[in-house]
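Here's the structure, in structure tokens; my notes come after.
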Amino acid sequence: MFAAYVALFCFLAGEIVARVFYGHFADFNMEMWRYAREMKSPLPYEKLPFHHVPYHQGHFYGVTIKTNSLGFRDREYDIEKPKNKKRIILLGDSFTLGWGVSFEKTFAKQLETMLNRRQGAWEVINMGAGNYNSTMEVELFELKGLQLDPDIVILVYFVNDVEPVPGKESGLVYAATKHSYCISFLAGRFIKLRSRFDSDYQWSRYYRSLYSPANTANISAAEKSIRKLVRLCRRHDISLLFVNIPELRDFDNYQFFEATEHIRSLAREASVPFLDLFVSFAVHKPESLWVSQEDPHANEKANSIIAEQIYGMLIQESHSALLN
């Protein structure tokens, strides 16, 4: 019994220290944890277990993330599209959300600015959410995006978008991991330590494993969802584009062309225009594109490249009718 009291005392002391001095040791993992803790709430859907809390904001990894009434990191929009406007919806994960990038510098808002300089009648709506996969992105679009009557939908794909949909969590363990700064700190340090000494736990091996035969069920689920998106867009006369964002850590020895081919083949199957951003990024030093040395999310420079390339794709002759 005495040992239990000592353990409880140590945990409570650790929790107090972690909260008081959080700003001194907060890193990417802890900030991502805090973002999930503060900005997301559960939903009653098997394929869409959580989304952003509407009308909420917080400061994470140096930037403010603020949501509108639909839970999007964006301005407020009327559900009914203005008659003089055209709309683009961006579906994606934390890259599309703009993790570590200020609101106006996200590629969604940069693209909107480029289009409105040309014609002045566009709304680019950012539906990106951290820790989403292809299945969740499509479910969110069906739940909240279709009602906005978009003219174009752009699915922004990343290597890990074939991960399984997270399961619903509950109970004491869930409560502890959701609310405890001390547990989050220890978990983050364990992840870093393990990845340093356990090759099976390294990010590159993990990403490659997502496209192995052992992950066939999750790959099939993602493909099924993307095909569902194709059907939804065709049914509602919405133009659809696919964009692939490569992993940004190493272009000289790139290991994830299988992921690129996965989304490229789905685009080819559905006759959907496809933009691979690898070549556009590969001419730059990888670290020049990162939010920080520990976080290879796309920074402001990388977001500018994404916006420019999508803009160029949209104004190609084959799509010029969309912009007129």
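No value in this document is a laboratory result; all are computed from the given coordinates. Source: prediction; values computed, not measured. So basically every Cβ, Gly included, is an ideal-geometry build from the backbone, and we count neighbours across all protein chains shown.
Give the calculated FRET efficiency between K285 and R205 to the nearest 0.05, with a Förster radius of 35 Å applied to their Cβ-Cβ distance. E between K285 and R205, to the nearest 0.05, is 0.90.
Annotation: amide H-H contacts under 5 Å for V124 (H modelled 1.01 Å from N, sequence separation of 5 or more, or interchain): I88.
Coupling constants for the range 40-56 follow from the phi torsions by the Karplus curve (6.51 cos²θ - 1.76 cosθ + 1.60, θ = phi - 60°), and in residue order they are 10, 9, x, 10, x, 10, 4, 9, 9, x, 7, 8, 4, 6, x, 6, 9 Hz; glycine and proline get x.
For H56 and E38, the difference between the fully extended length at 0.36 nm per residue and the C-alpha to C-alpha distance is 5.6 nm. Legend: calculated FRET efficiency, A214 to E258, from the Cβ-Cβ distance at R0 = 22 Å, rounded to 0.05, equals 0.95. Taking amide hydrogens as placed 1.01 Å from N in the peptide plane, the amide H of V101 sits under 5 Å from that of no residue at least 5 positions away in sequence or on another chain. Peptides 216-222, 101-107, ordered by how many other C-beta atoms sit within 10 Å of their residues on average, highest first, read 101-107, 216-222.
Taking amide H as placed 1.01 Å from N in the peptide plane, S292 has its amide H under 5 Å from the amide H of H297, each at least 5 places away in sequence or on another chain. Residue separation of V63 and S271 scaled by 0.36 nm, minus their Cα-Cα distance, works out to 71.1 nm of gained length.
Potential lengthening of the chain between E142 and K81 amounts to 20.3 nm, from the contour at 0.36 nm per residue minus the alpha-carbon distance.
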